[in-house]
Amino acid sequence: MFKNILLLFFSFLFFACTKDIIQQKLTVDVTPIRGGAVSPLTNAFEKGTVVTLVATPASEYIFKQWQGSFTGTVNPTTITMDTDKEVTGVFEKRQYPLTLTIEGNGTVKEEISAVAPQSLYPHNTYVRITAQPDLNNVFVGWSGDLISGSNPFAVVVDKPVNLKATFKPLVFPGYKVQPFTKSDEPNYWRDCGVMWDVIGDKFFKKPNGTSGSCFFPQVIAGDFNKDGWIDIYNPGTGSYNGKVVDNNQWLIWNPSLKTYENKNLLNNNLTSFGGNPRRTISVDLNKDGYTDAIILDHGDDVLPNAPLQPIRIVLSDGNGGYDLKDISVTPNLMYNHGGDIGDLNNDGNFDLVVATGSIVYITWGIPNYPYFGTNTTMFNIWDNNNSFPEAAGGVNNITIADVNNDGWNDILEGSNENSKTIEKTLPFDLQNRVLINQGNGIFNKNGLKLLQPYFSTPVANNTAATNHDMRAFDFNGDGLKDILVAGSVAYDDYYFVLHIQQKDGSFIIGKDKIFYSNNVIRKVGKSPGFWKPWLVFYDFNGDGRKDFSYIDSENFSKTLTTKSVFIRIADIFFEQDLYQYDEYAKSIKP
């Protein structure tokens, strides 16, 4: 009995000393859901416990405040669990300034889809900025933290961004003849900035009386009436598939009316001749102040058994008229596809280099009419006796320039890439190359420089990548000439590639130096209308540096409606609309 009493007594003492433990619930949340995290997570704590709250933002967010049972901005912070509590950690996206500076006369429009334009933007906001030049001004480009010639320009604001929009007064490009040296005259006319394809499409007259032209590669600029204004000459297409499709004609600039007038300056009023002129070179041969023209004609390349044509010159008579002259510079007529003139032996006379496909020949210049003699140097890919057949293989066009700045002009040869995979009989594969002058007009294997093919593997469908024009200039300011090439696949899928010369005289492709925006996809599937037979180097935006554009081959497929220019900004050429830089061309564009 006594034991039972003791047991009841001790049980009473135990329960009397036991204290009730009260639990308080802490509920945590975050907003927005991807903004970050809060610790500790939702849990229960003994009443009176002091809990430390820590808000950890995600990478593009910052902590803003606490909301709910507890408010404030301190992080980390502490709360006392004296009741059940609900606390939310509020985060917000980081905001960065987009600072715009304007140089010149114009404005910049900012557009974003989710938030009104402002100086601070949430992290990763896409902002579309549009440069709006004032009247008679042009937009040059964006610089600062980002460099681009695109307009409009999409900017991702993921950090503070500083941009400058540069505008310059509109300069009426070309048209007025600018000073040039005699030795550089041929390059001046092709690079004078006058887009003769746009102008020719407006003012040339076809044999049937309609406007336009069937072909632009044979057209060239010059001052053909010696008035100081740039004119345009088209020798015509005397035979294409047996038909005359373009007239011989001049477009003479009228400075009073500010328009071109169609004329025929030949003394015998001949409207068509030859077969199919492929390239014309402008130069004042007889030094009378009027521009003359050298015509390279490969004959009708569609009509079977069409006769080959001689090289012709259109020579001024000094009184405003011109005479058509055939000159015999080789023992046989050849397929004269491309060529250029320049002084190769430093005797003061222009020499003529012509590409015929399998043969390249040099006709050495003489001081008097016919200005190119019968003394020729030939390189023939199939001639086993020729010590330098590599100078001739598959060459389509020629450009003359002093590539290594040693005082001697060199020869740039445009060819077909990877042709050996198609023509199995070729003795060696073909590619673009440079022949370095060994002095006094001597060319041999010691000066052969091959340009890296644009395509790492042969192009498909038994189609070669064809070079149409080349231009040499010092792109990176190291004193060595770099080479820009205009090429295409099947005269359709066109491209531009920059070859950077190295100190050892070799060349590597300058990747990411040409940025396409208007024509990212350049394969249109309508061969042969989209190749670019001429490159044009000119300071289109007036910033003191050369940009480049191109001459289209024709306008049947409306290629002239979206004509581009590649504006040099920093060390990149950015594609833009040419017509914003050429007021006259814009006024007559198709």
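The values are calculated or read from the model by the stated rules, or taken from the named source; none is laboratory data. Keep in mind that this is a model prediction, so the values were computed, not measured. Note that each Cβ is placed from the backbone with ideal geometry, even for glycine, and that neighbours are counted across all protein chains shown. Areas reflect the complete protein model, heavy atoms only, side chains present, ligands, DNA and RNA absent. Shrake-Rupley method; radii C 1.70, N 1.55, O 1.52, S 1.80 Å.
Structure summary
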| read-out | value |
| --- | --- |
| Accessible area of Leu100 in the full protein assembly, 1.4 Å probe (Å², nearest 10) | 50 |
| Prolate/oblate/rounded label for the stretch 192-350 (Cα gyration tensor, a/c 1.5) | oblate |
| Solvent exposure ordering (accessible area, 1.4 Å, most first) of Ile230, Ile62 | Ile62, Ile230 |
| Pairwise label distance in nanometres, Asn319 with Asp402, each label 7 Å out on the Cα-Cβ vector | 4.0 |
| With every protein chain in place, the stretch 170-224: carbon and sulfur % of accessible area (1.4 Å) | 57 |
| Net dipole in debye of the stretch 270-345 [+1 Lys, Arg Cβ; -1 Asp, Glu Cβ; about Cα centre; nearest 20] | 120 |
| Equivalent ellipsoid semi-axes - Cα gyration tensor, the chain, angstrom | 73, 28, 20 |
| Accessible area per residue, Å², the stretch 197-336 with all protein chains present, probe 1.4 Å | 37 |
| Residue-averaged [θ]222 nm for the chain, counting only DSSP H segments that reach four residues, each worth -39500 (n - 2.57) | -1500 deg cm²/dmol |
| Net lengthening on full extension, Lys182/Leu270 (0.36 nm per residue, minus Cα-Cα) | 28.7 nm |
| Equivalent ellipsoid, the stretch 167-245 (semi-axes from 5 times Cα gyration tensor eigenvalues, Å) | 27, 16, 11 |
| Heavy-atom accessible surface of the stretch 462-590: percent carbon and sulfur, 1.4 Å | 52 |
| Long pairs among Lys206/Lys325; Lys258/Lys589; Lys206/Lys243; Lys168/Lys511; Lys206/Lys523, criterion Cα-Cα beyond 19 Å | Lys206/Lys325; Lys168/Lys511; Lys206/Lys523 |
| Accessible-area composition of the stretch 244-385, carbon plus sulfur, in percent [1.4 Å probe] | 47 |
| Percent of beta bridges antiparallel (DSSP, the chain, rounded to nearest 5) | 90 |
| Leu98 accessible area, assembled protein chains, probe 1.4 Å, Å² | 10 |
| Per-residue SASA entry for Phe455, accessible area with 1.4 Å probe, Å² rounded to 10 | 50 |
| Shape call, the stretch 305-384: gyration tensor on alpha carbons, a/c limit 1.5 | oblate |
| Nitroxide proxy distance, nm - points 7 Å out along Cα→Cβ at Phe428 and Asn124 | 5.5 |
| For the stretch 436-590: rounded, prolate or oblate by the Cα gyration tensor [a/c cutoff 1.5] | oblate |
| The stretch 537-584-the stretch 274-329 distance, computed between alpha-carbon centres (Å) | 29 |
| Environment charge at Asp351 (Cβ cut-off 10 Å; Lys +1, Arg +1, Asp -1, Glu -1) | -3 |
| Ranking by accessible area, most exposed first, for Tyr538, Tyr494, Tyr454 with a 1.4 Å probe | Tyr454, Tyr538, Tyr494 |
| Sum of side-chain charges, Val51 neighbourhood, beta-carbon under 14 Å (Lys, Arg +1; Asp, Glu -1) | -1 |
| Positive-pole candidate from Ile567, Ser143, Asn262, dipole of the chain, charges at beta carbon | Ser143 |
